[in-house]
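I have a structure I would like to understand better, so I am pasting it below and will then ask my questions one at a time.
The values are calculated or read from the model by the stated rules, or taken from the named source; none is laboratory data. The model shown is predicted, which means the values in this text are computed figures rather than measured ones. Here the Cβ positions follow ideal geometry from the backbone for every residue, glycine too, while neighbour counts run over all protein chains shown. The protein model used for the area step is the full one, side chains on, heavy atoms only, and it has no ligands, DNA or RNA in it. Shrake-Rupley method; radii C 1.70, N 1.55, O 1.52, S 1.80 Å.
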Amino acid sequence: MMTDVLLVEDSPGDVRLTQEAFRAANPAIRLHVAVDGVEALQFLDQQGVFADAPRPDLILLDLNLPRMDGRQVLQHIRGNASLKTIPTVILTTSNAEIDIHQSYSLHANSYLSKPVQLDAFEALVKSINEFWFEQAKLPQQKQARR
Amino acid sequence: MSNVTIKTAEFGSEPEAQLARSEERYRGLLEAAPDAMVVVDAAGEIVLLNVQAEKQFGYSRDELIGHKVTDIIPTGFAERLIADGSRTSAEALAQQIGTGIELTGRRDDGSEFPIEIMLSPLDSADGMLVTAAIRDISIRKAAEEELARTERRYRGLLEAAPDAMIVVNELGEIVLLNVQAEKQLGYTRDELIGQPVTNIIPEGFAERLIADGLRSAEEALAQQIGTGIELVALRKDGGEFPIEIMLSPLDSPEGILVTAAIRDISTRKADEELMKRAEQRYRGLLEAAPDPMVVVNPSGEIVLLNVQAEKRFGYTRDELTGQPVTNIIPIGFAERLIADGLRTDEEALAQQIGTGIELVALRKDGGEFPIEIMLSPLDSADGILVTAAIRDITARKAAEADLINKIAELNRSNDELSQFAYIASHDLQEPLRMVSSYTQLLAKRYVGQLDSDADEFIGFAVDGAARMQQLILDLLVFSRVGTNKIDLARISSQNALDCALVNLGGALEDSGAVVTSDHLPVVRADQMQLVQLFQNLVGNAIKYHKDGVPRVHISASRNEQKKWDFSVKDNGLGIEPEYFEHIFGMFQRLHTREQFSGTGIGLAICKKIVDRHGGSISVQSTPGEGSTFAFSLGEHSQERTHHDD
């Protein structure tokens, strides 16, 4: 079975780097991209062009996004009965204490800041893959969806 | 006794008839006189009288004719007619002619009454007769008696008066005085009675009583009645003293007299003089003051002010004197002087003494300006006055407002700058991370696959991106040190050093350095910043090393001010003395990148941390032997205990 990851990220450079890193870490992962919060919600709610979107196994969420930011997306996910069980990890450049605190208050599963060095970033993606898809047990709700 | 025959028989009938006619004529005159009249012979016997005499004395004519005059005028009449050794009857009588003589008359019923008699001689055949005109002066006597009593009473009042009193007649002569006048002036009564009043009051008294063309004496006097007049009195010994006199008129038989009450006002004058001098001195001080000053009485009225007050408030002196102080200081001044249930005036005032009070002043033109007043009490004859020194603080207020504005502006621009530094360094990181990541990706995938130029180019790009990243990270730290609130707490500096060494981790291991320290004290500092400080200093000490094992020693000792001085001593390259100051500046580097990498921000961060703790940092070094960085953490950093983690 394919593993679906939704990356909510507005920077194409970061999107590509993350794709490259996941390709190196686990070729079985399908990385879907939403470039802002609105798109992310459409994807999760299978609206418009995302009508056939799968339910992601993991969401990687940036905080600072156009239109609707990551905090609002997180709030929506946690307020939705069918979405709130999806592990959601904040992946951002911010190291601000307030952002960290807010994210956990909104029940983020973890908070990761993007390393500056390429090696470190690749290592981070590798460990995300290992933790969530090799070690952690995830709820099996895929069948519940079409 | 028969009828009196004035003429003797020996002169014959013709002369007799003549005599009878003349006697008849005389008798007619006698009866026509308004006064009682008796004619007395040399023997003192009454020979003739008129009907008024009969009435006054209560006798019939027959009962008196031939009787002694002493029956009706017991004493004083007959005696005057009697010759003594030195004079004849005629002479004795002559002395009495024409002068009124006061005697006592006695009536038939024995009662007596005062009379005045006028004697005139009458030659007759029987010798010298005396005609006496007798006037009943009961009424006049009673009036005189009354007057005398009044005078006695008046004299009593005069003596009872506390002041010296004199009574002066229209001629300016002293007619009466009391014992106080004697005492004060140093004369006896007799020395003054009848003397001109100018003897004791040389000027101003007599003049007041003198009529001029425009007014009568009464008018002249009336103008002076009841008003106190200040004059100078002259004592017998020549001494002078100031007096105040009060005049009042006194009607008397001798004309209008003037009673003068004389009061010695030496003491009052001296007091007044003293007061005046004090006031002058005070006024002098008031005028010399550079600030406007007003003196206010307990009713809140302005009693005194200086020319500066006139100028500043735009009023003339007369417009303010006597006016409520609220005219110029509407609120807050008068209130401060008013006692309430809990305190007296003095207390209310005392609470305000010496403290500057900021109020608003009102000019005549309605303009307002800020003032500061200083109150001080002034004891005076009129109660406690309050002197208020008023300072126009318009300029100071403006300066204060200006300063506040400037501080706010400075804070804003400082905040903006810090914010800018933070945001810039943070936002710069994003694109830089892209440059850095993709050059690294390029290097990783394509080094060795292109030509050697491409490899070198990629190398420069990777290196540049890395350095820029470090620069941005250091700038971020620097701006955080300046922006973040400093969190002072009692912390172990030993613990801070240990944290710093952990953070240095790899660099420490790679260099093989030996870091030692004294037992470091507990200090009052921001934990994060102290860690950063140690980290930068120890990091530098390791980085700029010579060949051989880098050795770093951290120590702490108390200085004379009982503060802790820290030092970080290394055996590294050392620094030329000319750079001792220089190296703490921003972006200041002493080495090329080929020798040592670095941004030149590390020591600037150290200085900023120490500055924010109120301390100082400096370096001592011998090039080639090593450097010692010394810092203190300022006033708030020392603690009683000498204790580590």
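Under a point-charge model restricted to the Cβ atoms of Lys and Arg (+1) and Asp and Glu (-1), what is the dipole moment magnitude of segment B:568-627 relative to its Cα centre, in debye to the nearest 20?
It comes to approximately 320 debye.
Once phi is turned into θ = phi - 60°, what whole-Hz ³J(HN,Hα) does the Karplus curve with 6.51, -1.76 and 1.60 give for every residue of segment B:563-569, x standing for Gly and Pro?
Per residue, the Karplus-derived 3J(HN,Hα) values read 9, 8, 9, 9, 9, 10, 10 Hz.
What's the center-to-center distance, using Cα atoms, between segment B:57-73 and segment B:459-478 in Å?
A separation of 165 Å, based on Cα centres.
Moving to a separate point now. If the reach is capped at under 17 angstrom between alpha carbons, list the lysines near B:LYS546, excluding any in the same chain fewer than eight residues apart.
The qualifying lysines are B:LYS569.
While we're on this one: Quick one: how many lysine pairs in chain A have C-alpha atoms under 18 angstrom apart, if they're 8 or more apart or on different chains?
4
Next question, about the same structure. Apply the a/c threshold of 1.5 to the C-alpha gyration tensor of chain A and tell me whether it is rounded, prolate or oblate.
Verdict is rounded for chain A.
How large is the accessible surface of B:TYR59 in square angstrom, using a 1.4 angstrom probe and rounding to the nearest 10?
Solvent-accessible area, nearest 10 Å²: 40 Å².
Where the only charges are on Cβ atoms (+1 Lys, Arg; -1 Asp, Glu), what is the dipole of the protein assembly as shown about its Cα centre, to the nearest 20 debye?
Magnitude of the dipole: close to 5200 debye.
Going toward the positive end of the dipole of the protein assembly as shown, with +1 on Lys and Arg Cβ and -1 on Asp and Glu Cβ, which of B:VAL502, A:MET68, A:ILE128 do you reach last?
Positive-end residue among those listed: A:ILE128.
Just round it to a whole percent: the fraction of Cα-Cα distances in the protein assembly as shown exceeding 51 Å. Could you put the intermediate results ahead of the total?
Numbers: 195416 of 312445 pairs.
Tail fraction, whole percent: 63.
Would you mind telling me the share, in percent, of accessible area of the protein assembly as shown contributed by carbon and sulfur at probe 1.4 angstrom?
In the protein assembly as shown, the share of accessible area belonging to carbon and sulfur is 54 percent.
Still on this structure, I have one more. Cross-link partners among aspartates and glutamates for B:LYS563, C-alpha distance below 17 Å, same-chain residues fewer than 8 apart left out?
Cα-Cα hits under 17 Å: B:ASP518, B:ASP526, B:ASP611, B:GLU635, B:GLU639, B:ASP644.
Under 21 Å between alpha carbons, and skipping anything fewer than 8 positions from B:LYS397 in its own chain: which lysines qualify?
B:LYS311, B:LYS406
Given H placed on each backbone N at 1.01 Å, which residues far from B:SER380 in sequence or on other chains put an amide H within less than 5 Å of it?
B:LEU385
Just the Cα atoms of segment B:360-516: what Rg and Dmax do they give in Å?
Calculated on Cα positions, Rg and Dmax stand at 32.4, 112 Å.
Students sometimes get this wrong: rank B:VAL538, B:VAL303 by accessible area, probe 1.4 Å, all chains present, largest first. Mind showing how you got there, number by number?
Values: B:VAL538 0, B:VAL303 55 Å².
Of B:VAL538, B:VAL303, the descending order of accessible area is B:VAL303, B:VAL538.
For segment B:252-311 and segment B:376-444, write down the distance between their C-alpha centroids in whole Å.
For segment B:252-311 versus segment B:376-444, the Cα centre distance is 56 Å.
Let me ask something additional. Evaluate the Debye formula for segment B:476-569 with equal point scatterers sitting on the alpha carbons, no solvent, and hand back log10 of I(q)/I(0) at q = 0.13, 0.15, 0.17, 0.18 Å⁻¹, in q order, two decimals.
Reported log10 I(q)/I(0), two decimals: -0.47, -0.62, -0.78, -0.86.
What are the residues whose amide H is under 5 Å from the amide H of A:LEU7, where those residues sit 5 or more places off or on another chain and H is modelled from the backbone?
Hits under the 5 Å cutoff: A:HIS32, A:VAL33, A:ALA34, A:LEU60.
I'd like the antiparallel share, as a percent to the nearest 5, of DSSP beta bridges with both residues in the protein assembly as shown.
Working: 96 of 120 bridges.
Once the DSSP bridges in the protein assembly as shown are tallied, antiparallel ones form about 80 percent.
Using a 1.4 Å probe and ignoring any ligands, DNA or RNA, find the accessible area of B:SER138 and quote it in Å² to the nearest 10.
Counting only protein heavy atoms, B:SER138 exposes about 40 Å² to solvent.
From the phi of every residue in segment B:319-330, what ³J(HN,Hα) in whole Hz does the Karplus formula 6.51 cos²θ - 1.76 cosθ + 1.60 yield, where θ is phi - 60° and glycine or proline is x?
In residue order, the calculated couplings are 6, 9, 4, x, 8, x, 5, 5, 4, 10, 10, x Hz.
Using +1 at the C-beta of Lys and Arg and -1 at the C-beta of Asp and Glu, which of A:LEU83, B:GLY204, B:ILE137 has the Cα lying farthest in the positive direction of the dipole of the protein assembly as shown?
A:LEU83
Continuing with the same structure: Measure out, as a whole number of angstrom, how far apart the alpha-carbon centroids of segment A:49-73 and segment B:522-559 sit.
Computed from Cα coordinates, the inter-centre distance equals 47 Å.
Rounding to the nearest 20 debye, state how big the charge dipole of chain A is about its Cα centre with +1 on each Lys and Arg Cβ and -1 on each Asp and Glu Cβ.
580 debye
Counting only protein heavy atoms, probe 1.4 Å: which residues of segment B:428-443 lose 10 Å² or more of accessible surface in the full assembly compared with their chain by itself?
With the partner chains in place, segment B:428-443 has these residues losing at least 10 Å²: B:GLN429, B:GLU430, B:ARG433, B:MET434, B:SER437, B:TYR438, B:GLN440, B:LEU441.
Rank these by accessible area, largest first, 1.4 Å probe: B:ASP271, B:ASP498. Show your work: numbers first, answer last.
On the way: B:ASP271 90, B:ASP498 60 Å².
From most accessible down to least: B:ASP271, B:ASP498.
Provide the percentage of antiparallel DSSP beta bridges, counting only those with both residues in segment B:508-645; round to the nearest 5.
Among the beta bridges of segment B:508-645, antiparallel pairing accounts for roughly 80 percent.
Sticking with this one: To the nearest 10 Å², what's B:SER616's accessible area with a 1.4 Å probe?
70 Å²
Taking segment B:544-586, which GluC sites (Glu not before Pro) meet the DSSP loop condition and have no more than 10 other C-beta atoms within 10 Å?
B:GLU560
Taking θ = phi - 60°, what integer Hz values does the Karplus form 6.51 cos²θ - 1.76 cosθ + 1.60 yield along segment B:478-484, in sequence order, with x for Gly and Pro?
4, 5, 5, 4, x, 9, 4
So if each residue of separation counts as 0.36 nm, and I subtract the Cα-Cα distance between B:GLN588 and B:LYS397, what length gain in nm does that give?
64.4 nm
Here's another thing I want to ask about it. Return the calculated 222 nm mean residue ellipticity for the protein assembly as shown, to the nearest 500 deg cm²/dmol, obtained by summing -39500 (n - 2.57) across DSSP H runs with n ≥ 4 and dividing by the residue count.
-12500 deg cm²/dmol
Given a 1.4 Å probe and heavy atoms of the protein chains only, how would you sort B:LYS546, A:LYS137, largest accessible area at the top?
Putting B:LYS546, A:LYS137 in descending order of accessible area: A:LYS137, B:LYS546.
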